[in-house]
Amino acid sequence: MNTHMLAQLLVQLIVIIGLSRLIGRGARWLGQPLVIAEVVAGIALGPSLLGLISPGTLQWLFPADSMPFLKMLAEVGLVLFMFLIGLELDPKLLKGRGHASVVISHSSIIVPFGLGAVAGALWLYKSLSDPSVPFSSFVLFMGVSMSITAFPVLARILTERGLMQSKLGAIAIACAAVDDVTAWCLLAFVVSLVRASSLAQAGMTTLFAVLYIGFMLVLVRPFLARLGARVASREGLTQNVVAVTLLLLLASAWTTERIGIHALFGAFLFGAVIPKEGGLATALAEKLEDVTVVLLLPVFFAFSGLRTQIGLLDTVQSWVTCGVIILLACLGKFGGSAVAARVTGLRWREAGAIGVLMNTRGLMELIVLNLGLDLGVISPTLFTMMVIMALVTTFVTSPLLKWMYPPEEQARDQMEQLARETAGPAQTPSAYTVLLCVSHGQAGPGMAVLSRALSGERNEASLYALHLLSPDRALKARAEDAQAVTGASGSALTPLLGRAEKLGLSVRTLSFVSSEPARDICRTAQAKRADLVLLGWHKPLFSQTVLGGTVHEVMQESTGTVAVLVDRGLTQVRRVLVPFVGSRHDRAALGIARRLFKQAGAEVTVLHVTSPEGPGTGRAQVDELFPADEGAAVKLKVVRHASPEEAALEEARAGYDLVVVGVGAEWGLEDRLFGVQRERIVRDAPGSLLLVRHPEGAPVLARSPEPQARQDATPDAGQVVGARS
């Protein structure tokens, strides 16, 4: 390659990667996976769009003499990508789901394979194939190309919808794994037939392929297991280990290429036999994934786009043929998967969702089609039709899945599964339940201290710690592996659980991927019948308000009391201040203070603030929430002040461990979605705060004894009332 060709390749990479990422922004906005953007970018750079608009630009950007270099770079990217696909196939995905997964996945191969083969034999071979192509090779290839499911695209869609840890997601990903292995074995057989000059040679190729698979399983896999154990226990993933792995990968790809079943199969097989225990597979994926997916894979899409000529479909008959191919592909894949899923015991909505997911083709279909075009099995016109089919079946997956398996259905199934997974000793109806929602680890210790005070010495509360992962974070944590998701969640929950253990608290953990955190928090709270939803607060990047964003959404949607802990080093709950003007939120704050008094023996001070002209009515309302036998420990301070917020701040500076304050404009606290000014009481209070909001119409103390209201005289303005007799 001369200097000019190197400069040409660099310009091509800049344009390909830049356009892929630009279109990717729009694809994400439409709820589509990134692969859609990359395929569209590839087609846009080819003769279908750029060549139509500006043929000169296409010729300048992708001259004919640069195509061999681009093709080789795309092939290297595919080898690495297929290796990553093999790494992602974990046998543990089939644990407990083997029967259902095999039935559904094989049905989703047999039915579309049959439809594709019949269509190829009776119709497409005569109209769209070259006579020099063997009939059997064409028919078999059409069957395989109709049977592919895009494992990586399906995994991304499941993660973005928060379905990866659900029953539906587990079955779908297991089916896709079985589907991929079966389809690639069939494809290897078809390629061996196409490349062989005789039936005897095809048989020899198949025999060598079987022997090579046995060699990889019997000899190479144990060696890789020892290598993985060494990486996990001592050295870590050093450059020498990476070098040895890449050498073995390239050798495996070369071997299958020489055998006659293509280098991609060797790369896929080598990734599949690497043991998933010990961390070697995960570490290798982290090393190679970004370079492969961001740099090399878009080159393959661009190369595919340059070979896709939509202009070849220049008649009504061509477009009708393309439409029939799409219909057959959807009918075979969706119908075969959905019916088989229903037969194995899934409900129709779940079975339909499985069918929609298995109909996803995306990148894997493009790999197969390019292979068929390189081998001369399919014509450029049929290649273009099949690329359009791959695009359509991938594009419709997300909207169809949302219609077939709406968020409400997903939430119901998720809550049922959550209830089963966290089922423990039966709780009495009066058990006080707190849902601790942890977003960042630094909020955990303070939440544990507060939970200790709410539970008391006898642990009279059920505590659940919930951590939700965003789809993007889950993808980075390799969310298709349940253990990786657990590890990513555990890092956020570790500080809370560590402090809870020191305090002798029993906390059950919940974690799953969520694209709607506020709704999932409220749904989980309803499923657990939580008396209190406790949110940990951390300073956001842009907004300054405590009661904005997700907190605002939870407060608006929750049917129970919600509290936000602003932790400033909370280590004990001995002195508690409750500013009070009489709103339902203030009454809920008093209810929490009452529990802190009963369970932890906290000293509670109620600061009742009235206007300079208004009457003081604090004692009657405090007596209502604190019956006579409890009231002796409560201090009531009544002050007249034009600014309740200022009065609360002045009292908070007296050295309280915790200020429990109801949400309300009188305290400068109004929950809203956006905000740039942090609430003053939060900004200036020296200690920790608990901001409480209670839903309208709900009882404040649903599980407390009936209040014993007393009509004691209200103290004079400004009078400080100590312990009452």
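The values are calculated or read from the model by the stated rules, or taken from the named source; none is laboratory data. Note that the coordinates shown come from a computational prediction; the quantities given were computed from them, not determined experimentally. Don't worry about glycine lacking a Cβ; one is built from the backbone with ideal geometry, like all the others, and counts go over all protein chains shown. All accessible areas refer to the heavy atoms of the entire protein, side chains included, with ligands and DNA or RNA removed. Shrake-Rupley method; radii C 1.70, N 1.55, O 1.52, S 1.80 Å.
Descriptive notes on the structure:
- Boolean, Arg587 is over 17 Å from Arg452 (Cα atoms), part of a helix (DSSP H, G or I) and modelled with pLDDT of 85 or more: yes
- Among the residues of the range 102-150, those identified as touching a Ser or Thr at 6+ places or on another chain (Cβ under 9 Å) and of a type in the set (Gly, Ala, Ser) are Ser105, Ser107, Ser108, Gly116, Gly120, Ser127, Ser129, Ser147, Ala150.
- Checking Gly143 against (1) free of Cβ contacts under 8 Å to residues at least 60 places away in the same chain; (2) open to solvent by 10 Å² or more (accessible area, probe 1.4 Å); (3) in contact with a Gly (Cβ under 8 Å, 6 or more places away or on another chain), the condition it does not meet: (2)
- Taking every residue in the range 350-366 that is on the phi > 0 side of the Ramachandran plot and buried (at least 24 other Cβ atoms within 10 Å of the Cβ) and pairing it with any residue that is of a type outside the set (Gly, Ala, Ser) and not in a helix (DSSP H, G or I), at least 6 positions away or on another chain, the pairs with Cβ-Cβ distances below 8 Å are Gly362/Pro33.
- Residue list for the range 379-399, filter: open to solvent by 10 Å² or more (accessible area, probe 1.4 Å) and either in a loop (DSSP other than H, G, I, E, B) or modelled with pLDDT under 90 (or both): Ser379, Leu391, Phe395, Val396, Ser398, Pro399
- Only one of the numbered conditions (1) open to solvent by 10 Å² or more (accessible area, probe 1.4 Å); (2) in contact with a Lys or Arg (Cβ under 8 Å, 6 or more places away or on another chain) is not met by Trp319, and that is (2).
- Only residues that are closer than 18 Å to Val564 by Cβ and in a strand (DSSP E or B) were counted across the range 631-650, and they come to 0.
- Of the helices (runs of 4 or more DSSP H) lying entirely inside the range 409-521, those containing at least 1 residues that are of a type outside the set (S, T, N, Q), over 20 Å from Thr559 (Cβ atoms) and at pLDDT 75 or above span 444-455, 482-502.
- Among the residues of the range 532-552, the one identified as open to solvent by 40 Å² or more (accessible area, probe 1.4 Å) and either among the acidic types (Asp, Glu) or at pLDDT 80 or above (or both) is Thr550.
- Helices (runs of 4 or more DSSP H) completely within the range 32-136 that count 2 or more residues being surrounded by fewer than 18 Cβ atoms within 10 Å (Cβ to Cβ) and β-branched (Val, Ile, Thr): 98-119
- The range 195-213, residues that are crowded, with 17+ Cβ neighbours inside 10 Å and modelled with pLDDT of 80 or more: Thr205, Thr206, Phe208, Ala209, Tyr212, Ile213
Yes/no matrix, rows are residues, columns are (1) farther than 19 Å from Gly260 by Cα; (2) small (Gly, Ala, Ser):
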residue	(1), (2)
Leu124	yes, no
Leu128	yes, no
Ala150	yes, yes
Val153	yes, no
Ala172	yes, yes
Trp184	no, no
Val190	no, no
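- Considered as a group, the residues in the range 217-227 that are touching a residue at least 40 places away in the same chain (Cβ under 8 Å) and closer than 22 Å to Leu237 by Cα include one that is most open to solvent (accessible area, probe 1.4 Å), and that residue is Arg221.
- Members of the range 262-306 found to be open to solvent by less than 20 Å² (accessible area, probe 1.4 Å) and of a type in the set (Ser, Thr, Tyr), listed by number: Thr292, Ser304
- Every pair of residues 6+ apart whose Cβ atoms lie under 6 Å, when the first sits in the range 4-28 and is without any contact (Cβ under 8 Å) to a residue 24 or more places away in the chain while the second is open to solvent by less than 50 Å² (accessible area, probe 1.4 Å) and part of a helix (DSSP H, G or I): Ile23/Ala37; Ile23/Ala41; Gly24/Leu34; Gly24/Ala37; Ala27/Ile36; Ala27/Ala37
- Condition broken by Val242, with the remaining ones in (1) within 31 Å of the chain's Cα centre (by Cα); (2) at pLDDT below 85 satisfied: (2)
- Any hit, the range 651-661, residues being modelled with pLDDT of 85 or more and part of a helix (DSSP H, G or I): yes
- Filtered by the rule that a residue be more than 26 Å from the chain's Cα centre (by Cα), among the aliphatic types (A, V, I, L, M) and farther than 26 Å from Gln309 by Cβ, the range 319-341 gives Leu331, Val339, Ala340.
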